Amino acid sequence: MAREFKLPDVGEGVAEGELVRWLVDEGDTVTEDQPVAEVETDKAQVEVPAPVNGTVRTLHWDEGDIVPVGDLFVTFDVEGEAPEPADDEEATEDEGESDEAAASATSEASGRTFAPPSVRKLARELGVDLDSVEGTGPSGRVTEGDVRAAAEGGEEAAEPASESKSATQRVSGDEPASAGGAAGGQEAAGREKTLAAPATRGVARELGVDINDVPAVEQREGEAFVTAEAVQAYAEGGQAAQGEAAAGGPDREFAEGGETTQPYRGIRRTIGEAMAESKYTAPHVTHHDTAVIDNLVKTRAKLKARAEAEDVKLTYMPFVMKAVVAALKEFPILNSELREAEDEIAVKQDYNIGVAVATDAGLMVPVVKHVDQKSMLEIADDMNELVAKARDRSISREEMQGGTFSITNFGAIGGEYATPIINYPETAILGLGAIDERPVAEDGEVRAAKTLPLSLSIDHRVVDGAEAAQFTNRVMEYLSDPELLLLE
């Protein structure tokens, strides 16, 4: 019996999710709780488990689709129950998908057409009826190569050589285009076969370009693949070359760069919206200074081996976090939150330090809780674990909440100073530049010293400039003489 499975609520308050990747194909056998898909929400990327033991009948979405919570996601044939007939499956009238035959697998007396979602999507793009394609994959599954071969065969049959020739004549005049004719000045590829979508071939006909002469964008299934943009660039490049030759100009060709796009949604959009809210809500002021940290470098070098013996990687960040907490205790207004609706400033008694981490999905800020109550090695261990979780996308929402102050280490990439954006609704964030040797004047002499540039951004509605400077001075004092942290 068929069991319809709707996309569950994969996170508190989540209304939709982006289907990142299917982990199964139609026809696969699955067990209960086996992950069948990866879905990204505005909170995190999660795996969606199968609710039953059975066989995957239909995957209702393509990778990259935005799926509303509660919409039909997967149809399973439940193990041990007779499957229902698969014909007359739901045919939803999705926008832009009028070709129902290519949009879903159908069933006839001889059985269903099996193809993964990516292949179904390709069939729609190339206008191929999947039911007419003979699959060469395992168990008769239709592959991308099968679809492209079907599209190529149909297009070649519908495009007689005379049509291509007449189109060339319309561009170049009475004489047909020679190799590279309409695109004169570029070397002809001269292939016998080229993979291209029907729309791309239409562009080639309109421009009088032999598609077999256009340089390939990539190789697919061992064949050259050409896009409409490549045809356009080839045609324009050739026409420009002809114009220059007629005018006696230089025989030089230029290729248009074009552009690529990527979706702005999921975690990336959430990060962007939070940054915009912070920047346009809190008036940012940034205070810059530089700490001389020769003693910190020596102290960390001595403790590094001890930390490694306990299987902990000790960076400079735990020292900075300890110094920040010590300074926050003296200047608690920087460990606060402005609640405009209540007309109050909440000064936090907890010291939960967020550490900005660059990931493939954008900037995330895992939070190390109760830093004031932990040893240096405990802070390092917690931070290393949270950073690893953020980068492999396994971090939970709770592990990125509850921060009272944040630190961002842009110096790990390079650079000295910046204007960090506050992790709203916090009221301050400390940016760390690159640790390096820089000239320092002491007692009338200049020497090379290890230094750490600091950039403190504050919400000027809550924190005054003098308080920002005093806080930074105190952090610098602790970093310059790390033994003071032993008193904390």
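Computed quantities for the displayed model
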quantity: Residue in region 377-392 that is in contact with a Lys or Arg (Cβ under 8 Å, 6 or more places away or on another chain) and exposed (fewer than 14 other Cβ atoms within 10 Å of the Cβ) present; calculated: no
quantity: Cβ pairs under 6 Å, 6+ apart, first in region 262-291 and free of Cβ contacts under 8 Å to residues at least 40 places away in the same chain and not assigned by TED's automatic domain parsing to the domain that holds Gly433, second part of a helix (DSSP H, G or I) and loosely packed, with under 15 Cβ neighbours inside 10 Å; calculated: none
quantity: Among residues of region 275-291, those that are assigned to a helix (DSSP H, G or I) and surrounded by fewer than 16 Cβ atoms within 10 Å (Cβ to Cβ), counted; calculated: 5
quantity: Some residue of region 334-348 being exposed (fewer than 11 other Cβ atoms within 10 Å of the Cβ) and at positive phi; calculated: yes
quantity: Segments classed as helices (runs of 4 or more DSSP H), wholly inside region 138-254, with at least 2 members that are over 27 Å from Lys121 (Cα atoms) and either at pLDDT below 50 or touching a His at 6+ places or on another chain (Cβ under 9 Å) (or both); calculated: 161-172, 228-246
quantity: Residue within region 416-437 that is in contact (Cβ under 8 Å) with a residue 24 or more places away in the chain and closer than 30 Å to Glu38 by Cα present; calculated: yes
quantity: Filter result (within 25 Å of Met1 (Cβ to Cβ) and polar (S, T, N, Q)) within region 38-68; calculated: Asn53, Thr55, Thr58
quantity: Matching entry among Gly415, Gly444, Gly411 (being surrounded by 13 or more Cβ atoms within 10 Å (Cβ to Cβ) and at positive phi); calculated: Gly415
quantity: Check on Gly258, under 30 Å from Ala468 (Cβ atoms) and at pLDDT 75 or above; calculated: no
quantity: Scope region 361-385; condition farther than 16 Å from Leu485 by Cα, in a helix (DSSP H, G or I) and in contact (Cβ under 8 Å) with a residue 24 or more places away in the chain; matching residues; calculated: Asp381, Met383, Asn384
quantity: Hits in region 425-441 - residues which are surrounded by fewer than 19 Cβ atoms within 10 Å (Cβ to Cβ) and within 18 Å of Ile333 (Cα to Cα); calculated: Pro425
quantity: Strands (runs of 3 or more DSSP E) (entirely within region 386-488) containing at least 3 residues that are under 36 Å from the mean Cα position of the chain (by Cα) and within 27 Å of Asp350 (Cα to Cα); calculated: 405-408, 428-432, 445-459
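Each row is one residue, and each column tells you yes or no for (1) more than 31 Å from the chain's Cα centre (by Cα); (2) of a type in the set (Lys, Arg); (3) at pLDDT 75 or above.
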position: Ala44; (1), (2), (3): no, no, no
position: Leu72; (1), (2), (3): no, no, yes
position: Asp88; (1), (2), (3): yes, no, no
position: Glu97; (1), (2), (3): no, no, no
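The values are calculated or read from the model by the stated rules, or taken from the named source; none is laboratory data. Computed from a predicted structure; not experimentally measured. When we count neighbours, we look across all protein chains shown, and the Cβ atoms used for this are built from the backbone with ideal geometry, even at glycine.
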